[in-house]
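**Q** One structure, pasted below without further comment.
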Amino acid sequence: QVQLVESGGGLVQPGGSLRLSCAASGIILSISNTYWYRQAPGKEREFVAVITKDGITNYADSVRGRFTISRDNAKNTVYLPMNALKPEDTAVYYCKTILNIGTVYWGQGTRDTVSS
């Protein structure tokens, strides 16, 4: 019933751009705090960005200035446009939302590969 579906990943050259989407059903993202995490090969999952239910955003230092998290309330979707991509950005990107009651939901992930 509750589902987060990430999309928009793919293969891109260094310096290129991708826009990730996290489409939600069964929950309303505008009343939740929604996060992007990523997990690179052989690495632990790490925080990338967050947008709160109030629209406040924050980013990991590694992506600040290159990635932008936003939310379209009408589409119940959170986006992560990624610019100036680096090989170090290669990872599976996951959407996560935390409800006010504390329940955590994760998407299945979308893979971003930055390589020449």
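**Q** Just to be sure I understand: with springs between alpha-carbon atoms less than 10 Å apart, which residue in I56, I98, I28 has the highest mean-square fluctuation in the Gaussian network model of the chain?
**A** Highest fluctuation among the options: I56.
**Q** At 7 Å along the Cα-to-beta-carbon direction for both W106 and A84, put a label point, then send me their distance in nm to one decimal.
**A** 3.0
**Q** Separate question: What's the FRET efficiency of I56 with T113 using the Cβ-Cβ distance as r and R₀ = 25 Å, to the nearest 0.05? Numbers along the way, then the final one.
**A** Numbers: r = 31 Å, r/R0 = 1.22.
The value I calculate is 0.25.
**Q** Restricting the calculation to Cα positions, tell me the Rg (one decimal) and the Dmax (whole number) of the chain in Å.
**A** Cα radius of gyration and Dmax of the chain are 13.3, 44 Å respectively.
**Q** Further question on the same structure: Taking amide H positions as placed in the peptide plane 1.01 Å from N, state which residues far from R19 in sequence (5 or more) or on other chains have amide H under 5 Å from it.
**A** M82
**Q** Could you work out the local net charge near T34, counting Lys and Arg as +1, Asp and Glu as -1, over the other residues with Cβ closer than 10 Å to its Cβ?
**A** On the way: positive: K53, R71, K96; negative: none.
Surrounding charge for T34 is +3.
**Q** On to the next question. What are the ³J(HN,Hα) values, in whole Hz, obtained from phi via the Karplus relation 6.51 cos²θ - 1.76 cosθ + 1.60 with θ = phi - 60°, for each residue of the range 98-106 in sequence order, with x given for Gly and Pro?
**A** 10, 6, 4, 7, x, 5, 10, 10, 10
**Q** Let me check something: with ligands and nucleic acids excluded, how do W36, W106 order by accessible area (1.4 Å probe), largest to smallest? Don't skip to the end; give the middle numbers.
**A** Numbers: W36 0, W106 105 Å².
Output order, biggest surface exposure first: W106, W36.
**Q** Taking the Cα centre of the chain as origin and charging only Cβ (+1 Lys, Arg; -1 Asp, Glu), how large is the dipole, in debye to the nearest 20? All intermediate terms of the calculation are to be shown ahead of the outcome.
**A** On the way: 12 positive and 9 negative charges, 19 e Å.
Here the chain has a charge dipole of around 80 debye.
The values are calculated or read from the model by the stated rules, or taken from the named source; none is laboratory data. Computed from a predicted structure; not experimentally measured. Every residue, glycine among them, receives a Cβ derived from its backbone with ideal geometry; neighbour counts consider all protein chains shown. Each accessible area value is taken on the protein alone, full model and side chains, heavy atoms only, with ligands, DNA and RNA left out. Shrake-Rupley method; radii C 1.70, N 1.55, O 1.52, S 1.80 Å.
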